Ligand code: R2B
Ligand code: URA
């Protein structure tokens, strides 16, 4: 049933007041929390002062992409001053890089589930220690498309695993733990609305398959190992298409599961670099791939600008 305006307002207010919560009672009892992979610690850094105003966190694979995103966003939001640059707040480690402009944090996460999971544990604790509220997290990344023109942007409706299930499975103390990967439906609608306003490149809402590997895990024929035929690969990708999957990447499952468990509003917006029904190799020229990679940034910058504009009016 569609929610009423009052129900929606209640939800929005709840989100605004909502402090970041952890699903771990131990952290509150710690005297100091060292976020080792960020090279930040509650003992040496004032988290509320450094990060207390954060309302949006954008995460993506590489440090350079996340730094250019923050530069672009500063321009878009009109808060860039001549000569400004954006220092890496994780100086002293090259595991991850972090940049900030106004209420927006931009953080790199590397490739794959283990890498983004470690980053997210520390990021969510950082937001908790900083006493942030009403935070929205968005992964802006790259992916392989299924049945889409390369350069299309996919807003993820549901993150699913390689068996097409919306579940993230992890072994904890040797036991199987399964977490749900549902994403915020309202946020998907808001991003889809922004895509209509931009209408600069194809944008679709669809399911995203998250795999543990780029080659065999995504049904490629060009890895060092391959135990299936071209026909079997095509059948698998066609089946994925039939169940609504429009792209494949390597982080959305744990991103969705962890944000959901900690009550954070989250979305995944990825550009497709190729159509996997037509091939495996990413062979477009660098300039083309670079322009593609800016597309999720453009959509998300538009969204953030719109949110901040309406927050200033309210
Ligand atoms: C997309 O691109 C990377 C693999 O090339 C991986 O991090 C992902 O999800
Ligand atoms: N990233 C992926 O994980 N797969 C692709 O095919 C392209 C980018």
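The values are calculated or read from the model by the stated rules, or taken from the named source; none is laboratory data. It should be emphasised that the depicted structure is a prediction, and the values quoted were computed from it without experimental measurement. Quick reminder, even Gly has a Cβ in these numbers, built from the backbone with ideal geometry, and neighbours come from all protein chains shown.
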Q | Test: residue 279 is free of Cβ contacts under 8 Å to residues at least 24 places away in the same chain and within 16 Å of ligand 1 (Cβ to nearest atom) | A | yes
Q) So which of 273, 212 ends up being surrounded by fewer than 15 Cβ atoms within 10 Å (Cβ to Cβ), within 18 Å of the chain's Cα centre (by Cα) and either modelled with pLDDT under 95 or within 12 Å of ligand 1 (Cβ to nearest atom) (or both)? A) 212
Q) Considering only residues of segment 183-208 that are out of contact with any helix residue (DSSP H, G or I) (no Cβ under 6 Å at 6 or more places or on another chain) and in a strand (DSSP E or B), which is nearest to residue 293 (Cα to Cα)? A) 204
Q: Any chance you could count how many residues in segment 13-67 are farther than 18 Å from residue 121 by Cβ, at pLDDT below 95 and crowded, with 18+ Cβ neighbours inside 10 Å?
A: 1
Q. Out of segment 84-101, which residues are out of contact with any strand residue (DSSP E or B) (no Cβ under 9 Å at 6 or more places or on another chain), part of a loop (DSSP other than H, G, I, E, B) and closer than 13 Å to residue 58 by Cβ?
A. none
Q) Out of all the residues in segment 274-288, is one or more in a helix (DSSP H, G or I) and closer than 20 Å to residue 104 by Cβ? A) no
Q | Which numbered condition residue 149 misses (of (1) surrounded by 18 or more Cβ atoms within 10 Å (Cβ to Cβ); (2) assigned to a loop (DSSP other than H, G, I, E, B); (3) away from ligand 1 (no atom under 16 Å from the Cβ)) | A | (1)
Q: Identify, by number, the condition in (1) out of contact with any strand residue (DSSP E or B) (no Cβ under 9 Å at 6 or more places or on another chain); (2) within 16 Å of ligand 1 (Cβ to nearest atom); (3) without any contact (Cβ under 8 Å) to a residue 60 or more places away in the chain that residue 66 doesn't meet.
A: (1)
Q | Count of residues meeting criterion [touching a helix residue (DSSP H, G or I) at 6+ places or on another chain (Cβ under 7 Å) and more than 13 Å from ligand 2 (Cβ to nearest atom)] in segment 141-152 | A | 1
Q) Out of 220, 179, 246, 189, which single residue is touching a residue at least 24 places away in the same chain (Cβ under 8 Å), surrounded by fewer than 22 Cβ atoms within 10 Å (Cβ to Cβ) and within 24 Å of residue 267 (Cα to Cα)? A) 179
